[in-house]
Amino acid sequence: MSTISIPMLVALLFAVIINNSATAQQGELNQLQRSTVGDCQCPENIYTSSAPNHTFTFSNDKQIVVCGYGVDEQQPDVLSEFVLAECGVDTVIDFWGAMTICRLGFKPDTLFVQELYELPTGDDFQLREIVWTIEEFSYKGGELMRKKRINRNLKLYDNATIENVLYRYKEADNVLNEDKMLLADQLFTAALSAHAKAKSAFLDFRRRFPELSGAYLQQYRILTEMLSAWEEGR
């Protein structure tokens, strides 16, 4: 299997994800069968090497191969910066970039790609791994089908916790640092509850800290895109 040093931003955002794998959500989201590595390779592409990490075989004898970079040798089905491809097809199905970490798994005739993230939903706002989106790949006859949904079975804040977050945001100073970015995560999580003031405060974060740049700006942009997707029901 190929390995690569994950960019610093990915390390900052997701370092605890791997260590928290035992706390992953139960049920359909993590009871996935592991794949095997077969002879099929990914087509030549600009994203990754053609060397396979996993091959998934469907009952119609179609195969989907995964090529990319493992995040941790202890969890070979967790990858970042990878492609999916159908065996024998000279183009890839899709590419998942270095800012995305996913867990892959297979149930009979369905390949699951679960996008992982961390939200401050633990005690005292400790970060906890969540499955943010679930994408399914299956075949209808010989045609590849794919559908993606947001996991809405997330632990959200109650009103008291939201008010606590809003108070902390109001009382915070205007010095941008790691603590403020943790507060942005909390505002985002509060906004998922369709709380109007929480959403307003989250969107105000960019105005309040105009010096956002680099990794901090990228983190905020990702959260903004996630909130839009959540509200649009994608």
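The values are calculated or read from the model by the stated rules, or taken from the named source; none is laboratory data. Just so we're clear, the structure is a prediction, and the values are computed from it rather than from any experiment. Neighbour counts are summed over all protein chains in view; Cβ atoms, including those assigned to glycine, are modelled from backbone coordinates with ideal geometry.
Select from the stretch 88-105 the residues that are among the hydrophobic types (A, V, I, L, M, F, W, C) and buried (at least 19 other Cβ atoms within 10 Å of the Cβ) and write down the one among them that is farthest from residue 146 (Cα to Cα).
Within the stretch 88-105, the match that is farthest from residue 146 (Cα to Cα) is 101.
Take residue 84 and tell me if it is crowded, with 19+ Cβ neighbours inside 10 Å and in contact with a Leu (Cβ under 7 Å, 6 or more places away or on another chain).
Judged against the criteria, residue 84 is not a match.
Looking at the stretch 182-208, which of the residues that are surrounded by 18 or more Cβ atoms within 10 Å (Cβ to Cβ) and assigned to a loop (DSSP other than H, G, I, E, B) is modelled with the highest pLDDT?
The extreme case among them is 192.
Have a look at 133, 100 and point out the one that is within 19 Å of residue 222 (Cβ to Cβ), of a type in the set (Val, Ile, Thr) and modelled with pLDDT under 95.
That would be 100, the only listed residue that is within 19 Å of residue 222 (Cβ to Cβ), of a type in the set (Val, Ile, Thr) and modelled with pLDDT under 95.
Please count how many residues of the stretch 156-181 are touching a residue at least 12 places away in the same chain (Cβ under 8 Å) and either within 26 Å of residue 57 (Cα to Cα) or surrounded by 13 or more Cβ atoms within 10 Å (Cβ to Cβ) (or both).
So the count comes out to 11.
Taking the stretch 106-118 on its own, how many of its residues are part of a strand (DSSP E or B) and either surrounded by fewer than 19 Cβ atoms within 10 Å (Cβ to Cβ) or within 11 Å of the chain's Cα centre (by Cα) (or both)?
Qualifying residue count for the region: 8.
Quick one: in the stretch 152-180, which of the residues that are of a type in the set (Asp, Glu) and assigned to a loop (DSSP other than H, G, I, E, B) is nearest to residue 204 (Cα to Cα)?
173
Return a yes/no flag: does the stretch 222-229 have any residue that is farther than 21 Å from residue 118 by Cβ, out of contact with any Asp or Glu (no Cβ under 9 Å at 6 or more places or on another chain), modelled with pLDDT of 95 or more and small (Gly, Ala, Ser).
Among the residues of the stretch 222-229, not one is farther than 21 Å from residue 118 by Cβ, out of contact with any Asp or Glu (no Cβ under 9 Å at 6 or more places or on another chain), modelled with pLDDT of 95 or more and small (Gly, Ala, Ser), which makes the answer no.
Select from the stretch 215-234 the residues that are touching a residue at least 60 places away in the same chain (Cβ under 8 Å) and small (Gly, Ala, Ser) and write down the one among them that is surrounded by the fewest Cβ atoms within 10 Å (Cβ to Cβ).
Once the filter is applied, the top-ranked residue is 233.
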